Amino acid sequence: MNRPIVRLGVVAVVAAVLVGGVTLLSPALTSAGESAQAPTRPTRVPLDRATFVCPESSYVSGQTSTDVAAVAAPASVDGGQTNAAGGAAGTPEARLAVSSLGTPTTPVASVDRRERVATYAVRKTQTPPLVVTAHGSVAPGAVAGQLTRTSTGPLRGLAETPCSGPGAQFWFVGTGSELGRHGRVYLTNTDEGSAQVDLRLYDEKGEVDSDAGRGLTIAAGRQQVVELDKLAPTSKHLAVAVVAQRGRVSAALRDDAVKGETAVGVDWIPSATPPAKEIVVPGVASGDGERVLTIVAPEDSTASVNLSLLAANGSFRPADLGDLEIKPGAVVEVPLQNALRKQAGAVRIDSDVPVTASVRSVLGSGSGPHDVAYTSAARALSGPAVVPDTRGGTGRTSSLLLSSPSQQAVNAAVTLVAPDGRQLHTSRVTVRPGSTVELKLEPPKGTERYAVVVTPDRGGPLYGTRLLVENAKDGPMVSSWPLATGETTAVRPVARADIGAGIGVEAPRDPIFH
C-alpha cells in the first residue's frame, strides 16, 4: 500500500528559509509590544543563507580524484534577481565557503563575490563529505557541485552531481540491484538535531516491503550510506523515495554497474521532481548506445501513460511504444534509442495518475568500458541556471541539451564565465516549438574550466542539461548536470494560533520554484 507522506512539525511560525526547495519552519512568540494586527499572508524575502552537501569526496592516488565548485550567478547575467556583493547594512557578510562536514568554521576554500567560483580539489584519502555554505549577497542563486573522475577499475568514468540542500523529500529513479548493479543512498544531516528518515522502495513488481529502510536515524553533523542491494537484493529496476519524518537531510544516490571486471557505467542519479501527471525528462544524449526511460507510478492505482519525444525536428509520439499501463507502485523501463535514431531529445510524459522518471544514456561500444549519464524529471527554468564547473581541454566536449514542449519558440542567453568571474563568451539560442537543441559549448582556446549560465527569456517553459564527454583512450567517459534555477527568496510564513500546534504536514513550496 502507498502511504501518505506526513511529517511532524510546528504550525505557529514566523520565520522560514528555503534551502534545497523545502521551507524550514521555526517557532516564535509575539512580544507584548507587537501589534496584534498580524499580516494574513506569507511574505517573500531575499535568501540570505543556504547550505549544500557534496556527498562523497573520493580520492585514490593516480586513479580517482574529486573536484568541488560553487558559485552564484554574476549579477550582470542573473536576470536582475540579485544584487552585487556587499548587501545592505545589517545583512550577513557575503561569503561562499567549502568546508568538511562537522568543521564549518574552517573552510578549505571561499570567495566573497557572486561571479567568482570557489573550488577545492580533493587530493587525499578519507576526506569527509564537503559542505558548501552561502551567506549574505552570495546566497541567492548559489549552486555547488562535485565531479569525480576515475581512470581505471570497476568505477571508471565521470560521476557528477549537484550538491543538494537539506530537504524533507527526494525521489530517485533508475537504479537497480541485479547482478553487476550497485546503488547507494547518501543521507547527510547538517542540522543541529537528529533526523529520522524512511526509504520507500519500488521495483518492477510494486512497492518493496523493507522494514530495514524505515526509521533510519541520522545524527547531527553525520552521514549514513545505505546499500540498496541489502534492502532489495533481487530488484532489477528501482525507484527510491527519501522521506524525512523528523528533521531534514540532504540526499544523493550513486549507481554503478560492472560486467565482470569491466566498467559499464557510474554516475549519480539526479533527484527527480515529485510524482505528477505531467513531467518532462530532458537531456537524452545523441549518438549510439542505449537510451532507457525508467518510470515509477507510486500511487495505489494503475497509471495510463503516454509518451512524446522532443527531438531536433519537433515533437512526436513513438509509434512502436504506444500507451503504457503501469501497475500500482511499479517501475518500468522503456527503450528509446530506436525511436530517437541517435538524436538528442527529451521525454514528455502525460499520465492520469502521478508518476516520475529518469533517462539513462549509455556511451561506449563493443567489449570495452562504457559510461553512463542520468537525467531526471525536472522543473522548467524560472530564471538563470548555473553549471559551476565545466571542463575544457583536449579530448573533452561539452554541450547544452535544451528542450521546450511549448507551442511557441523559446529564447535563452548562454554565458561562459571564468573562475575569476570574467565573462568569456555570450551567445543566444532559440528552441523551436516542441523541440530539442544541442548547443556545443566553445570557450576561448586554452580554457580549462569555466561556469555556464543559461538565462531563459520570458515565454514558454525551457528544460535542459549540460553534457560533458571525455574521449579517453579506452572509450568515452560522460557525465551530465541538470539545469535548475537557483533559489533566490525565502518564504516567511505568518504566525497563527492553532490548538493543534505540533501536528502538521510538510510546508508547501514557494510557487516560484514549481
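The values are calculated or read from the model by the stated rules, or taken from the named source; none is laboratory data. Owing to the predicted nature of the structure, the values given are computational and were not obtained by experimental measurement. With ideal geometry, Cβ positions are generated from the backbone for all residues, glycine too; neighbour counts draw on all protein chains shown.
Could you check the range 273-308 and list, in sequence order, the residues that are part of a loop (DSSP other than H, G, I, E, B) and among the charged types (D, E, K, R)?
Our first condition is that a residue be part of a loop (DSSP other than H, G, I, E, B); within the range 273-308, this holds for 273-275, 285-290, 297-302.
288, 290, 299, 300, listed by residue number.
Of all residues being touching a Ser or Thr at 6+ places or on another chain (Cβ under 6 Å) and part of a strand (DSSP E or B) in the range 440-456, which is surrounded by the fewest Cβ atoms within 10 Å (Cβ to Cβ)? Just the residue, please.
440
Can you pull out the residues in the range 469-488 that are buried (at least 23 other Cβ atoms within 10 Å of the Cβ), aliphatic (A, V, I, L, M) and part of a strand (DSSP E or B)?
Residues satisfying the conditions are 477, 478.
Please work out which residue is surrounded by the fewest Cβ atoms within 10 Å (Cβ to Cβ), limiting yourself to the range 203-254 and to residues that are closer than 21 Å to residue 267 by Cβ and either at pLDDT below 95 or acidic (Asp, Glu) (or both).
227
Taking the residues in the range 277-289 that are crowded, with 16+ Cβ neighbours inside 10 Å and under 23 Å from the mean Cα position of the chain (by Cα) as candidates, determine which candidate is farthest from residue 349 (Cα to Cα).
For the range 277-289, the residue satisfying everything is 286.
Across the range 306-322, which residue is surrounded by the most Cβ atoms within 10 Å (Cβ to Cβ) among those that are touching a residue at least 24 places away in the same chain (Cβ under 8 Å) and small (Gly, Ala, Ser)? First the steps, then the outcome.
Looking only at the range 306-322, we keep the residues that are touching a residue at least 24 places away in the same chain (Cβ under 8 Å), and these are 306-315.
Within this subset, residues satisfying the condition of being small (Gly, Ala, Ser) are 308, 311-312, 314-315.
Details: 308: 17, 311: 21, 312: 14, 314: 12, 315: 19.
Per the criteria, the residue is 311.
Residue by residue, here is whether (1) part of a loop (DSSP other than H, G, I, E, B); (2) within 29 Å of residue 294 (Cα to Cα); (3) modelled with pLDDT of 95 or more holds:
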{"site": "389", "(1), (2), (3)": "no, yes, yes"}
{"site": "421", "(1), (2), (3)": "yes, no, no"}
{"site": "426", "(1), (2), (3)": "no, no, yes"}
{"site": "461", "(1), (2), (3)": "yes, yes, yes"}
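Looking at this structure, is residue 200 charged (D, E, K, R) and crowded, with 20+ Cβ neighbours inside 10 Å?
Spelling it out, residue 200 is indeed charged (D, E, K, R) and crowded, with 20+ Cβ neighbours inside 10 Å.
Out of 330, 312, I need the residue that is more than 24 Å from residue 482 (Cβ to Cβ), of a type in the set (A, V, I, L, M, F, W, C) and at pLDDT 95 or above. Which one?
330
Which of the residues that make up the range 201-234 are farther than 18 Å from residue 56 by Cα, touching a residue at least 60 places away in the same chain (Cβ under 8 Å) and not charged (D, E, K, R)?
202, 206 - these are the residues of the range 201-234 that are farther than 18 Å from residue 56 by Cα, touching a residue at least 60 places away in the same chain (Cβ under 8 Å) and not charged (D, E, K, R).
Can you tell which of 155, 147 is among the aliphatic types (A, V, I, L, M), closer than 24 Å to residue 273 by Cβ and either surrounded by fewer than 24 Cβ atoms within 10 Å (Cβ to Cβ) or in contact with a Gly (Cβ under 6 Å, 6 or more places away or on another chain) (or both)?
Criteria check complete, one pass: 147.
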